[in-house]
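Below is one structure, written out as structure tokens; the observations come after it.
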Amino acid sequence: MKVITDQFLKTEIEMGCMKKVVIIGGGIAGMAVAKTLVDAKINAEITVITQNPHYISGPSRPLALTNEQSLDRIVRGYEEVMRKGVRIITGTVYSVDPDNRKVKYVGGHISSGGTSELAYDYLLLAPGVALDGSGIMGYDKFRHNVLNVYDPGRVHLLKSKVWSAERGTVVVYAPKAPYRCAPAPTETALLIDTVLRHRGVRNRFKIVHIDANDKTQPPVIADVVSQIYAKQGIELVVNQEIVEIGENEVVTKSGERYRYDILALLEPNRAPKFIEEAGLGKTWIDVRSPQDLRHPKYDDVLAAGDAAGLPFPKNQEIAFESALFAANKILEMEGSSYRASVQYAFVGWAYVGNPEGRLESLSVRFGLDFTSQPPKPSKDPEPKRDYTLAKDNWEQNYLATLFGYKP
Ligand SMILES: Cc1cc2nc3c(=O)[nH]c(=O)nc-3n(C[C@H](O)[C@H](O)[C@H](O)COP(=O)(O)OP(=O)(O)OC[C@H]3O[C@@H](n4cnc5c(N)ncnc54)[C@H](O)[C@@H]3O)c2cc1C
């Protein structure tokens, strides 16, 4: 693979031979686009601008609760990707100007810091989701009580509470779909149940799962989850949206009040605000279709991953597949014959904890194939340890493919 030096890049860009592809977000979708363009040997300068100098994988984060996953196995740096010629900038994008093809960001390398901007020929938007609790009354004041498995810091604190509390009520909450990783709230409830059983204190706790949807997500395994909840004594309340948070209670739209000692609440998800401010979409980024991920108004602005407005669940497989479709479109517009092979379908595994309180979680397998109409669901309702191991293998393979190394 050709190593691209800064001088080489400068000359090529000055001569106008090299296109500039800017990718916002160095996560699953952003890195999948970068990798595909590198694999296709596109004659372009590929720049990824991303918030942190490392990436922390999502899918196995809930297993931090049961001590089955540790941070060192799911964190990756970008250095091996840089070695392949991709420019990585650590910075936070706060503004996009699609009419003038400019991206503004704050941060950058320590020596440059401050604010800066990038020009592009193609812009790929893959910033993932923002967790937005601003519509919940009391959120600002009691945000410190809001824990969940999504943010590495908050999952750490949630774990600490679940391992030390002596009694009380745990409230787990899922907002209206679509949100990132459909089964994560049920995984949270069942993994908390496992830890409390392991500690021998389960009978001193009530676990209540409040769901804003009419069933737990994803719907394909809602029946399996509700049977397991019934066995494990987890109370399920559906069609109840939390609209207010207090110091010790949450209030739903219909006025029901639920006391909590531990609150594992996922905020409603949306694309980061700079998307809406740039006129590129409201809650999600507007795209022409799942296969043509260009913005309806701009040929040179594409979206991929969880932030894209797709009619599918928001998970890693879909994020990856949308990224391949987006990369293929850039290649097509550049006249390249290279295409990544891709279709929309996924298989996933939802952790369901361990009914006996052993810190060896079981999982249920499910899938959806969007290549047939209506989409074809599949599942194995039998919880299995092998599925947890398969999910670990799947996640590690993704990280190795996109970040270029296995620890
Ligand atoms: C707890 C948890 C459990 C999950 N479980 C599963 C699962 O079991 N199965 C599954 O398939 N999927 C699961 N997922 C979902 C999966 O991780 C996501 O669908 C996938 O990561 C989406 O890819 P993405 O590229 O859109 O976003 P991400 O991978 O989140 O990448 C977005 C990147 O953009 C960066 N960024 C954001 N804003 C800016 C900005 N303004 N400027 C610069 N950079 C920015 C972020 O820092 C991040 O690095 C889970 C996720 C979480 C968090």
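Restricting Glu68, Glu80, Glu45 to those that are at pLDDT 95 or above and assigned to a loop (DSSP other than H, G, I, E, B) reduces the list to Glu68. Taking each residue of region 49-61 that is free of Cβ contacts under 8 Å to residues at least 40 places away in the same chain and looking for partners that are basic (Lys, Arg) and more than 6 Å from the ligand (Cβ to nearest atom) with beta-carbon atoms closer than 7 Å, six or more apart or interchain, yields His54/Arg76.
Counting only residues that are among the aromatic types (Phe, Trp, Tyr) and at positive phi, region 335-389 holds 0 of them. The single condition among (1) in the same structural domain as Val21 (by TED's automatic domain parsing); (2) of a type outside the set (A, V, I, L, M); (3) within 29 Å of Ala165 (Cα to Cα) that Asp261 does not satisfy is (1).
So which residues in region 360-407 are among the basic types (Lys, Arg) and part of a helix (DSSP H, G or I), if there are any at all? Even if it seems obvious, please write down each step before you answer.
Keep residues of region 360-407 that are among the basic types (Lys, Arg), which gives 365, 376, 379, 384-385, 391, 406.
Scanning region 360-407 gives Arg385, Lys391.
Screening the candidates Ala174, Ala126, Ala182 for the property of being surrounded by 14 or more Cβ atoms within 10 Å (Cβ to Cβ) and within 17 Å of Asn52 (Cα to Cα) yields one hit, Ala126. Checking each residue in region 81-107 for being away from the ligand (no atom under 11 Å from the Cβ) and farther than 20 Å from Ala44 by Cβ picks out Asp97, Asp99. Only one entry of Gln373, Gln316 meets the criterion of being within 30 Å of Ile285 (Cα to Cα), outside the structural domain of Val201 (by TED's automatic domain parsing) and either at pLDDT 95 or above or away from the ligand (no atom under 11 Å from the Cβ) (or both), and that entry is Gln316. Any residue at all in region 338-354 that is closer than 16 Å to Val225 by Cα and in a loop (DSSP other than H, G, I, E, B)? Yes, there is a match, as at least one residue in region 338-354 is closer than 16 Å to Val225 by Cα and in a loop (DSSP other than H, G, I, E, B).
Applying the selection to region 173-189, what residues are of a type in the set (A, V, I, L, M, F, W, C) and in contact with a Pro (Cβ under 9 Å, 6 or more places away or on another chain)? Give the derivation first.
So the first thing to find is which residues in region 173-189 are of a type in the set (A, V, I, L, M, F, W, C), and the list is 174, 177, 181-182, 184, 189.
Ala174, Ala177, Cys181, Ala182, Ala184, listed by residue number.
Find the helices (runs of 4 or more DSSP H) located wholly in region 110-214 whose residues include 2 or more that are closer than 21 Å to Arg61 by Cβ and hydroxyl-bearing (Ser, Thr, Tyr), and list them. Steps first, please.
Working: elements: 139-142, 152-164, 184-199.
Here the list reads 152-164, 184-199.
So for region 325-339 (the condition being under 30 Å from Tyr150 (Cα atoms), surrounded by 24 or more Cβ atoms within 10 Å (Cβ to Cβ), in contact (Cβ under 8 Å) with a residue 12 or more places away in the chain and within 9 Å of the ligand (Cβ to nearest atom)), does at least one residue qualify? No, region 325-339 contains no residue that is under 30 Å from Tyr150 (Cα atoms), surrounded by 24 or more Cβ atoms within 10 Å (Cβ to Cβ), in contact (Cβ under 8 Å) with a residue 12 or more places away in the chain and within 9 Å of the ligand (Cβ to nearest atom).
The single residue among Glu321, Glu276 that is in a helix (DSSP H, G or I), without any contact (Cβ under 8 Å) to a residue 12 or more places away in the chain and farther than 22 Å from Glu187 by Cα turns out to be Glu276.
Can you find a residue that is under 20 Å from Ile245 (Cα atoms), more than 15 Å from the ligand (Cβ to nearest atom), of a type outside the set (Lys, Arg) and under 20 Å from the mean Cα position of the chain (by Cα) anywhere in region 136-156?
Quick first cut of region 136-156, residues under 20 Å from Ile245 (Cα atoms) only: 136-151, 154-155.
Retained after the next criterion (residues that are more than 15 Å from the ligand (Cβ to nearest atom)): 136-145.
Next, from what is left, pick out any that are of a type outside the set (Lys, Arg): 136-140, 142, 144-145.
From what is left, the residues that are under 20 Å from the mean Cα position of the chain (by Cα) are none.
Taking every residue of region 136-156 in turn, none turns out to be under 20 Å from Ile245 (Cα atoms), more than 15 Å from the ligand (Cβ to nearest atom), of a type outside the set (Lys, Arg) and under 20 Å from the mean Cα position of the chain (by Cα).
Residue check, Arg202 against (1) surrounded by fewer than 16 Cβ atoms within 10 Å (Cβ to Cβ); (2) basic (Lys, Arg); (3) over 25 Å from the mean Cα position of the chain (by Cα), all met but one. Which one? That leaves (1) as the condition not met.
I need the full set of residues from region 190-212 which are within 23 Å of Ser254 (Cα to Cα) and aliphatic (A, V, I, L, M), in order please. Before you say what the answer is, go through the steps one by one.
We begin by selecting, within region 190-212, every residue within 23 Å of Ser254 (Cα to Cα); these are 206-212.
Answer for region 190-212, where residues must be within 23 Å of Ser254 (Cα to Cα) and aliphatic (A, V, I, L, M): Ile207, Val208, Ile210, Ala212.
The values are calculated or read from the model by the stated rules, or taken from the named source; none is laboratory data. This structure is a prediction, so every number in the text was calculated from the model and none was measured. A quick note on method: Cβ atoms are made from the backbone with ideal geometry, for glycine too, and the neighbour counts reach across all protein chains shown.
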